[in-house]
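Data block below; observations after.
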């Protein structure tokens, strides 16, 4: 099976910062707004090089979204930055009314998503944000897997006309996708070929899916791993083409199983090709304080859990 090399652990939020810095050089219409978290969102380089296009709004996230919506009227492409919990739950009304309803070209960039936020605990570990955002009409939802892909996605969404939710995280994770890749919104990336089971994963779970595929290969199980970086619009063709071959599927995400990638996949399968499915996701629960590794293990969001889910779904074919 095809293998991937981790070129060194990097945090995906730094990928966002690198992409934003690149946009600062190449697109004069890009502006950045931050809610008092410049360092955490890695927006320092953009702020330093383009102070006239950077706006520190303070701890006023609702105001930030309103300002961003207004800036689009003048042709600007605003990128807002704060933690995922504050990027969605705290400002959902403003996003719905001022951005999504009128199709404003705002890029909502959200760091510190999911359990891997770690020690900050349940109040900050949002696990329902993908569901919140994908239900908004016209909202594109992206959840990247590593530094390189996050950088590429940040650059790509500036060219996309319409609102985007870009989700990434705090911890350093494996960096394994190509350095100078072209990011195509809504187009899944098949990482390995397999005949026995399809594993579709998003965000931090993509590397875990690859690690699981190696364990499964040692057991004689051939896994096809697909990186679903865009939750909406979902690449239904990639999913259907794979399950028609493997006849079973495991979905893996750092999110509540209600409202996330797994539910989107289940809807597609139920309508077009009913297929046994197992979910790797949090089970309708809040998180807690702990290291990212401890939490991912406790809540079953790692390679070992994917292996177990695969062995279970194989019995249902």
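Nothing in this text is a laboratory measurement; each read-out follows from the coordinates by a stated rule. All values reported here derive from a predicted model rather than from experimental measurement. Here the Cβ is made from the backbone with ideal geometry for all residues, glycine too, and neighbour counts use every protein chain on show.
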Please tell me the relative contact order of the chain in percent, rounded to the nearest whole number, where contacts are Cα pairs under 8 Å and at least six residues apart.
18
Percent antiparallel among DSSP beta bridges confined to the chain, nearest 5, equals 15
Given labels modelled 7 Å from the Cα in the Cβ direction, how far is it in nm from residue 241 to residue 3?
2.7
Projected label distance in nm at residue 123 and residue 56, using a 7 Å step from Cα toward the beta-carbon
2.4
Nearest 10 degrees, 0 to 90: what angle lies between the long axis of helix 236-246 and the longest principal axis of the chain (Cα atoms)?
20
When 204, 273 are ranked with the fewest other C-beta atoms within 10 Å first, the list becomes 273, 204
Structure-based [θ]222 nm, the chain - -39500 (n - 2.57) summed over DSSP H runs of at least 4, per residue, nearest 500
-10500 deg cm²/dmol
Quick one: order 22, 184 by neighbouring beta-carbon count within 10 Å, fewest to most.
184, 22
What is the angle, in °, between the Cα long axis of helix 205-218 and the longest principal axis of the Cα atoms in the chain? Nearest 10 is fine, range 0 to 90.
20
Residue separation times 0.36 nm, minus the C-alpha to C-alpha distance between residue 258 and residue 187: what's the value?
23.3 nm
For a protection proxy built on the mean count of beta-carbon atoms within 10 angstrom, sort 171-177, 194-200, 249-255, 231-237 highest first, please.
249-255, 194-200, 171-177, 231-237
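Provide the gained length on full extension for the span residue 172 to residue 315, in nm with one decimal, where the gain is 0.36 nm per separating residue minus the Cα-Cα distance.
Fully extending the segment from residue 172 to residue 315 adds 48.0 nm.
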Rounded to the nearest 10 degrees, the helix 303-314 long axis (Cα) sits at an angle to the longest Cα principal axis of the chain of 50
Could you work out how far the C-alpha centroid of the stretch 152-183 sits from that of the stretch 1-41, in angstrom?
7
Taking a label point 7 Å from the Cα of residue 293 along the Cα→Cβ vector, which residues of the stretch 104-134 have an amide N closer than 15 Å to it?
116, 118-119
Cβ density ranking, 10 Å radius, fewest first, applied to 160, 124 yields 160, 124
